[in-house]
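Following: one structure in structure tokens, then a few remarks.
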Amino acid sequence: MHVRILLLLASLLLPGTLRAEAMPAEKAGFASRLTIYLAKGPPDACGPGCDRWIAIEGEIDREAALRIRRFLAAVKDLQRPIYLHSPGGNVEQSYAIARLLRSRKAVARVGRTIATACAAGTQVDAACLKLKNASGEVEAELTTTRAMCNSACAYLFLGAASREVAPDATIAVHNSKLVLAFDGRPDPAAVAEYRRRRLLAADRDRAAFIAAMGIGRELDSLIRTVKFESLHVLTRSELHGFGIDTRPLVETNWTLEKEARPFVRKIATAKKANGSAFRTMELRLSCESSKGAPLTFAAEVDETATGKSTILITADADKEKTAGGSPLRTGKHEVWRSNIDPDMVKAILASRSLHVRESTPIADDKTDIMTFELDLAGLPSQWARLKASCALPTPGPTSSWPTLPGKAAPWQAAHWPESPWTPAPQLTVSTNPRPAPSP
């Protein structure tokens, strides 16, 4: 009899939807349906030698997979990277799109595409969406700052054969929510049993999908512990450990920040040699003066250090030119700043990579030496933009990053804005119930 009741209940059901998404407050600024288009930016916009990419953004709706499939079928260049920016949406559709990306051996990254023809703050209004949905390439800029691929978008992202998450972008996960709609008033007990079975099946489907994508089962175990009403932002150690982004060194592109004192910056996070921990750092070049160009290195403090660390910075075009010293420790961060001469600036701009060597004293009179190379592609063009910005009249006061309201970064006293990689509190979403989708 119980089985017959469930069968009857299924016949009364309108199409149900399994969703993993942020609530309205977190979805502000996103289109209500997934949008895909071709974008073209300035040289090296999407990496060395890359100025064209595919943008996928907005909520993952119930017809998204078919629309994405038709679009990608017409794109013959399989090497174009795909940049994702989405708060989530329909889980089944995200699985389907993920499998499509895997079949194309796609390269996926988390990033925001900003159409230059659309005024600031209008990236999802009707006129801008019409432009993005038209045929042809959209002139755009690309940024990873505050870009996200959350909830169901995370499953979509797993489908790519190559996955890259910049230090200032986020992947966030949580459990799914089953949204059901009924024609009539079925028995509440039967509804509860049907919901239980559907959620169990959804858990099995998710575990199988994650395994099929070659991702560690620890991700599924984590997702089971995060309620739908919350979001867990994956740490760099989790991204690496789960097999999502296994690069030991992750960098942003060089970007211009037009603050009261403009500067160009690169953020990087590097895996420590002894363990699974990562350390985030930032380099900044500021406006030149008669004293030179201020170069700043800021990083999270190495908790294993027993004394002051020292850094040495060289450019491969002229290794005789060096900069460095001992950073000043402020709380959980350390900051080094010095003016570099014009010849050092020229050497950096003429180089392909910047070599950073950090020596840190640790226990037992040992020294931990960390070396890495930062990509300089794109810096010359950003430096030219910086020089133009430096010549302009000084704008209003420096604004703080919204990451940690009311909490200053260690260099705030020197009129520096908060860094976007300053650890943010765990994201939460509203628990207000949402109406079931209409048929």
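Taking amide hydrogens as modeled 1.01 Å from N in the peptide plane, which residues meet the under 5 Å criterion relative to Val301, leaving out close sequence neighbours?
His333, Glu334
For the residues Val250, Val91, Val345, what sequence is obtained by ranking on other C-beta atoms within 10 Å, fewest first?
Taking fewest neighbouring Cβ atoms as first place, the list is Val345, Val250, Val91.
Ranked highest first by average number of other Cβ atoms within 10 Å, how do 367-376, 167-176 line up?
Packing order, densest peptide first, comes out as 167-176, 367-376.
Sort Cys128, Cys46 so the one with the fewest other Cβ atoms within 10 Å of its own Cβ comes first.
Fewest-to-most ranking of Cys128, Cys46: Cys128, Cys46.
What is the list of residues in region 370-393 whose amide nitrogen lies under 20 Å from a point 7 angstrom out from the Cα of Ala317, following Cα to Cβ?
Within reach of a label on Ala317: 373-390.
Taking the Cβ-Cβ separation of Lys227 and Arg70 as r and a Förster radius of 41 Å, what is the calculated FRET efficiency to the nearest 0.05?
Step by step, r from the Cβ atoms, then E = 0.70.
Sort Lys40, Lys271 so the one with the fewest other Cβ atoms within 10 Å of its own Cβ comes first.
Least to most surrounded, the residues fall as Lys40, Lys271.
Can you pick out the pairs among Lys271/Lys366; Lys40/Lys387; Lys271/Lys387; Lys76/Lys132; Lys308/Lys387; Lys132/Lys266 whose Cα atoms lie more than 22 Å from each other?
Lys40/Lys387; Lys271/Lys387; Lys308/Lys387; Lys132/Lys266
Place a point 7 Å from the Cα of Ala273 along the Cα-to-Cβ direction; which residues of region 351-393 have their backbone N under 16 Å from it?
356-373
Hand me the trypsin sites (Lys or Arg not before Pro) from region 54-102 located in a DSSP loop with no more than 10 other Cβ atoms within 10 Å, in residue order please.
Lys76
Are there GluC sites (Glu not before Pro) in region 57-117 that DSSP marks as loop and that have at most 14 other Cβ atoms within 10 Å, and which are they?
Those that pass, being in a loop and sparsely packed, are Glu63.
No value in this document is a laboratory result; all are computed from the given coordinates. As the structure is a prediction and not an experimental result, all values here were calculated from the model. When we count neighbours, we look across all protein chains shown, and the Cβ atoms used for this are built from the backbone with ideal geometry, even at glycine.
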